[in-house]
1. Applying the selection to segment 297-317, what residues are part of a loop (DSSP other than H, G, I, E, B), among the hydrophobic types (A, V, I, L, M, F, W, C) and open to solvent by 30 Å² or more (accessible area, probe 1.4 Å)?
2. Exactly one condition in (1) part of a loop (DSSP other than H, G, I, E, B); (2) out of contact with any Lys or Arg (no Cβ under 9 Å at 6 or more places or on another chain); (3) surrounded by 16 or more Cβ atoms within 10 Å (Cβ to Cβ) is false for Ile342; which is it?
3. State whether one or more residues within segment 244-258 are farther than 30 Å from Gly362 by Cα and open to solvent by 50 Å² or more (accessible area, probe 1.4 Å).
4. Mind checking which residues of segment 249-263 are at pLDDT 90 or above and not in a loop (DSSP other than H, G, I, E, B)?
5. Quick one: count up the residues across segment 114-138 that are within 24 Å of Gln82 (Cβ to Cβ) and touching a residue at least 24 places away in the same chain (Cβ under 8 Å).
6. Would you tally the residues in segment 149-188 being farther than 22 Å from Phe81 by Cα, assigned to a loop (DSSP other than H, G, I, E, B), open to solvent by 50 Å² or more (accessible area, probe 1.4 Å) and not hydrophobic (A, V, I, L, M, F, W, C)?
7. Before we move on, is Tyr226 more than 24 Å from Gly95 (Cβ to Cβ) and in contact with a Lys or Arg (Cβ under 6 Å, 6 or more places away or on another chain)?
8. Go through (1) at pLDDT below 90; (2) of a type in the set (Gly, Ala, Ser); (3) over 22 Å from Val101 (Cα atoms); (4) touching a Gly at 6+ places or on another chain (Cβ under 6 Å) one by one and return the number of the condition Ala298 breaks.
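The values are calculated or read from the model by the stated rules, or taken from the named source; none is laboratory data. In this text, all values refer to a predicted model and were calculated from it rather than measured experimentally. Here Cβ is always computed from backbone atoms with ideal geometry, including for glycine, and neighbour counts include all displayed protein chains. For the accessible areas, the whole protein counts, side chains as well, though only heavy atoms, and no ligand, DNA or RNA atoms are used. Shrake-Rupley method; radii C 1.70, N 1.55, O 1.52, S 1.80 Å.
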Amino acid sequence: MLFTRPPEIEAIRQETRPKLPEDFEDFDEFDDLLDESEEEEQPNDDYIDPNVGFIIKPGETWLQNGAETPPAQMLFGGFWFQDELCILFADTNAGKSILAVQIGNAISRGQAVGPFEMNGPAETVLYFDFELSTSQFRKRYMGDSADGAGAFNEKFLRAVINPSSNKARKFSSYVEYIGNEIENALVSTGARVLIIDNLTCLRFGTHAASGALNLVHFLQGIKDAYQLSILVLAHTPKRSLSKPLTRNDLLGSKMLINFCDSAFAIGESQLPPPAEGSGPLRYLKQIKQRSTHEVYGAANVCLCSIVKADGFLQFKFDGAAHEAEHLSRQTEQYRKISDTCIAELSQQGLSVRQVAEKLGIGPTTVFRALKRLG
């Protein structure tokens, strides 16, 4: 609807407007066209004022705004979803890089990894490798007799540090330099999936809360700016192999787990390999998830082993089990602590199965402890 001025205002405008030449052709529609363009430039409901720090809308409006947003697509089953910042952590030599390359390669082809669904299209994957040399990478994925052709496609891109670059001196810190180069690489490649191997090589000082917060801000910032899905690899500190994996086993500040969207870990089983020729037995465990419910928790970890198939080093997945079955035998001191916890939870009215799930141990262990405690 066009805006109509009151007659008094229009009369004042006519009087103050300079007279036009007699031969000038007057268009009555001219003012209306101006008013219409002005009306189109008015902010609508989707307008976001760049001068404010918070976007404030009623709760119902947020629900309506998100109604047309499709659900997040799975990149690696329930472990990692599209548009998430995910952390994969494990001890040294547990296979973090092997699994990350396997996941990235599958995403670049639009394929699933083992039993874990990938329901999105193939995406360009940018893999920052701060761990392996070129010869080590070739050894993992070339095979003994193959020439390596077909191991990867053009959508899987591996990036390593350029030791000859003198660009770092232009920045006030190594952190600024790496952050700038990661963004440049994202722009030049158009990648939508980013994998960083590993977190400590970014040198944000994640042991301190301030360093961890700066890292999270950086990763969340580029995730939102470039609409990325990010997987970051991290280490665990020295830990007892008799205890279940928890969020406390991520090396560095707890702030990393608090602000990421999802996290999962690779555990090292203390049982022998499942078959002759198989690599060491491992298991995957969900540590944090926001886009789905827990599937692979302590009572149902995913069992896997490291194998080389067709010249490609990878994880092979084989069923599920209770995490407690794959931990080291408990020391007498740890058993006493466990017995105390079991007794306290049982006195609170929890069933054997509920106690087992709470402590991340097997129901049989709980039953035997309660019987022993009388």
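1. Here is the first cut: in segment 297-317, the residues part of a loop (DSSP other than H, G, I, E, B) are 297-300, 310-311.
Filter again for among the hydrophobic types (A, V, I, L, M, F, W, C), leaving 298-299.
The answer is Ala299, and nothing else.
2. In the conditions (1) part of a loop (DSSP other than H, G, I, E, B); (2) out of contact with any Lys or Arg (no Cβ under 9 Å at 6 or more places or on another chain); (3) surrounded by 16 or more Cβ atoms within 10 Å (Cβ to Cβ), Ile342 misses (1) alone.
3. no
4. Within segment 249-263, Asp249, Ser262, Ala263 meet the criteria.
5. To start, the set of residues in segment 114-138 that are within 24 Å of Gln82 (Cβ to Cβ) comprises 114-129.
Still in the running and touching a residue at least 24 places away in the same chain (Cβ under 8 Å): 114-120, 122-129.
Of the residues in segment 114-138, 15 are within 24 Å of Gln82 (Cβ to Cβ) and touching a residue at least 24 places away in the same chain (Cβ under 8 Å).
6. So the count comes out to 7.
7. On the way: more than 24 Å from Gly95 (Cβ to Cβ): yes; in contact with a Lys or Arg (Cβ under 6 Å, 6 or more places away or on another chain): no.
When the stated conditions are applied, Tyr226 does not pass them.
8. Evaluating Ala298 over (1) at pLDDT below 90; (2) of a type in the set (Gly, Ala, Ser); (3) over 22 Å from Val101 (Cα atoms); (4) touching a Gly at 6+ places or on another chain (Cβ under 6 Å) leaves (1) as the failure.
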